[in-house]
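For reference, the structure discussed in these notes is given below.
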Amino acid sequence: MPHLPPRRGLLAVAALAGTLLALPAAAADAVLNLYSARHYQTDEALYSDFTKRTGIRINRIEAGDEALLERLRNEGRNTPADVLLLVDAARLWRAQIDGMFQPVRSQTLESRIPAHLRGKDDGQGAEWFAFSTRARVIVYNKASVSPDQVRNYADLASPTLKGKVCTRSGTHPYMLSLIGAMSEHLGEAKAESWARGVVANFARSPRGGDTDQIKAVATGECGVALTNTYYLVRMMRSEAAADKDAVAKIGMVWPDQQTWGTHVNVSGGGVMRNAPNRAAAVKFLEYLASDSAQAYLADGNNEWPAVPSAPMNNPVLSSLGQFKADTLPIGSVGRAQVTAAKIIDRAGWR
């Protein structure tokens, strides 16, 4: 090995040291650790596209929302997670108040994601962002219920629907978010009165998921029910004869078009407070707000883009038509789940 003069030798060592010090940062930027409650196969294309565009490899853990939140609580500051994706405003709010997210200031996110679809912002940036939306609509049996009977969520408590209303459990986050939104609009006392009226109209005890509610309306077991739109569109796109038959027997209403608008829930996420790969995490959130990612979300799981200008190519979803969406800040909807939980307890919505 040739001998280097002292000064050149020091420079070479310094350069080598600088290279070695830079390696962890470069390696960190090439990896993203994602914890996701989105369990949709169509998201595979989303993740592959991100890696292709950025070179950042995604390590992914998928589980239910509550399972992920519990895992993160157990991992604490030592969690490897960079980004957490959840599928309900109430769950996003829970992660927020548990201190799991860090503020993100991004011109891309702030210009593309509407303010009411962002989480807590204390001036340092939002702690989480919605990337897709779904509406909670009323479906009715065409043979037994008129759409004029269910123009508003309030109508579900009308005595004219005695013995005709079906819902999933009031403790489910989708229901907590809707009931929380009702309490934000009406106040706790009036929201509880409404909830008691809905319970009085139950055709059966709450059970099953949204797809089960749709099928129960189609069979006539229920006259009306609540569902998130993507469950309905999934059945509308299905080639199964039973699904086609069920869809033919039901109608759908956008509730509260003359007042505050139809309740909208979200799928969203944020950067973890102790994210080891923060730069990659912010890039991923900015990617989710891009036109291409928004199209994947809309087309793959029958959700609407959170970005108003994003293109969409889902004819069946588009066939539902335009509607007025509730613009109540989604963060306040999540926060209102505490009130909603009290309401369902007192009303017996179990």
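Condition first: in contact (Cβ under 8 Å) with a residue 60 or more places away in the chain and among the hydrophobic types (A, V, I, L, M, F, W, C). Now tell me which residues in segment 192-211 satisfy that.
Result: A195, V198, V199.
Please state which one of R196, R204 is at pLDDT 95 or above, outside the structural domain of A90 (by TED's automatic domain parsing) and assigned to a helix (DSSP H, G or I).
One residue alone meets the criteria, R196.
Under the condition of being of a type in the set (G, A, S) and farther than 18 Å from G220 by Cα, which residue from segment 157-185 is farthest from the chain's Cα centre (by Cα)?
That would be S158.
Which residue, of Q96, Q107, Q41, is within 19 Å of A280 (Cβ to Cβ), among the polar types (S, T, N, Q) and out of contact with any Pro (no Cβ under 9 Å at 6 or more places or on another chain)?
Result: Q107 is the single residue among Q96, Q107, Q41 that is within 19 Å of A280 (Cβ to Cβ), among the polar types (S, T, N, Q) and out of contact with any Pro (no Cβ under 9 Å at 6 or more places or on another chain).
Would you mind stating whether T259 is under 30 Å from Y35 (Cα atoms), assigned to a loop (DSSP other than H, G, I, E, B) and of a type in the set (S, T, N, Q)?
In short, no.
Filter segment 215-241 down to residues that are assigned to a loop (DSSP other than H, G, I, E, B) and out of contact with any helix residue (DSSP H, G or I) (no Cβ under 6 Å at 6 or more places or on another chain) and give me whichever is nearest to D326 (Cα to Cα).
Filtering segment 215-241 for residues that are assigned to a loop (DSSP other than H, G, I, E, B) and out of contact with any helix residue (DSSP H, G or I) (no Cβ under 6 Å at 6 or more places or on another chain), the one nearest to D326 (Cα to Cα) comes out as G223.
Take F323 and tell me if it is within 24 Å of S36 (Cα to Cα) and at pLDDT 95 or above. Give the derivation first.
Working: within 24 Å of S36 (Cα to Cα): no; at pLDDT 95 or above: yes.
So F323 does not fit the description; no.
Just wondering, is there one or more residues in segment 89-97 that are crowded, with 18+ Cβ neighbours inside 10 Å and assigned to a loop (DSSP other than H, G, I, E, B)?
no
In segment 130-151, which residue that is outside any loop (DSSP other than H, G, I, E, B) and hydroxyl-bearing (S, T, Y) is farthest from A298 (Cα to Cα)?
The first filter runs over segment 130-151 and keeps only residues outside any loop (DSSP other than H, G, I, E, B), leaving 130-141, 147-150.
Still in the list and also hydroxyl-bearing (S, T, Y): 132-133, 140.
Numbers: S132: 7, T133: 9, Y140: 25 Å.
Here the answer is Y140.
Quick check on segment 55-88: of everything there that is of a type in the set (D, E) and surrounded by 15 or more Cβ atoms within 10 Å (Cβ to Cβ), which residue is nearest to G334 (Cα to Cα)? Give the steps one after another, and end with the answer.
Within segment 55-88, the first condition is being of a type in the set (D, E), and the residues that meet it are 62, 65-66, 70, 75, 82, 88.
With surrounded by 15 or more Cβ atoms within 10 Å (Cβ to Cβ) added as a condition, the list becomes 62, 65, 82, 88.
Working: E62: 22, D65: 14, D82: 22, D88: 8 Å.
Out of the qualifying residues, it is D88.
So which of A154, A189 ends up being modelled with pLDDT of 95 or more, assigned to a helix (DSSP H, G or I) and over 20 Å from G223 (Cα atoms)? Break it down stepwise before answering.
Working: A154 fails: over 20 Å from G223 (Cα atoms).
Of A154, A189, the one residue that is modelled with pLDDT of 95 or more, assigned to a helix (DSSP H, G or I) and over 20 Å from G223 (Cα atoms) is A189.
I need the full set of residues from segment 291-305 which are of a type in the set (G, A, S) and touching a Pro at 6+ places or on another chain (Cβ under 7 Å), in order please.
A295, A298
Within segment 34-49, is even one residue in the same structural domain as P276 (by TED's automatic domain parsing), closer than 16 Å to R278 by Cα and modelled with pLDDT of 95 or more?
Within segment 34-49 (the criterion being in the same structural domain as P276 (by TED's automatic domain parsing), closer than 16 Å to R278 by Cα and modelled with pLDDT of 95 or more), the answer is yes, since at least one residue qualifies.
For (1) surrounded by fewer than 16 Cβ atoms within 10 Å (Cβ to Cβ); (2) assigned to a strand (DSSP E or B); (3) in contact (Cβ under 8 Å) with a residue 40 or more places away in the chain; (4) of a type in the set (A, V, I, L, M), each residue gets a yes or a no:
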residue: D243; (1), (2), (3), (4): no, no, no, no
residue: S267; (1), (2), (3), (4): no, yes, yes, no
residue: Y296; (1), (2), (3), (4): no, no, yes, no
residue: N313; (1), (2), (3), (4): yes, no, no, no
residue: F323; (1), (2), (3), (4): no, no, yes, no
residue: G331; (1), (2), (3), (4): no, no, yes, no
residue: T339; (1), (2), (3), (4): no, no, yes, no
residue: I343; (1), (2), (3), (4): no, no, yes, yes
residue: W349; (1), (2), (3), (4): no, no, yes, no
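Under the condition of being under 20 Å from Q322 (Cβ atoms) and touching a Pro at 6+ places or on another chain (Cβ under 6 Å), which residue from segment 132-175 is surrounded by the most Cβ atoms within 10 Å (Cβ to Cβ)?
Across segment 132-175, the extreme among qualifying residues is I138.
The values are calculated or read from the model by the stated rules, or taken from the named source; none is laboratory data. The model shown is predicted, which means the values in this text are computed figures rather than measured ones. Don't worry about glycine lacking a Cβ; one is built from the backbone with ideal geometry, like all the others, and counts go over all protein chains shown.
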